[in-house]
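Only one structure is covered here, and it is reproduced in the block below.
No value in this document is a laboratory result; all are computed from the given coordinates. Owing to the predicted nature of the structure, the values given are computational and were not obtained by experimental measurement. Cβ placement follows ideal geometry from the backbone for every residue including glycine, while neighbour counts extend to all protein chains displayed.
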């Protein structure tokens, strides 16, 4: 398999019919978005459980979210879509209970792209899930203590 070079530097990757133009500069786009937590959900949790028990529940939930983010990515890379969807669904449920609405929404989107069989959208939304997940886990530590 080789690369054919045509007029004006246009290349075709052998056997794939993929054409493109050689460029000298590539711009890396920085992806950033703001995540916000719903403090009312945390307030409700603390009122229901009391400070000590609520802190324990939140810490365990954050550990579980971090683990599930890792599992979702691993299942995606292994091509285990059913397991990935199941893990993303449970990740979204936990995130929703903690008031991480953006993370919960993106986790649902992962499932939707997977069910639709849209590989390109799934790759993009999964990357967003990992970004939003990391930002959400960081953001919760900035919430004032109860």
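Using the Cβ-Cβ distance between residue 60 and residue 27 with R0 set to 25 Å, the FRET efficiency works out to roughly 0.05.
Extending 7 Å from Cα along the Cβ direction at residue 128 and again at residue 80 yields two label points whose distance is 2.6 nm.
Placing dummy labels 7 Å off each Cα toward the beta-carbon, the span from residue 89 to residue 41 is 1.8 nm. Between residue 138 and residue 118, residue separation times 0.36 nm minus the direct Cα-Cα distance comes to 4.2 nm.
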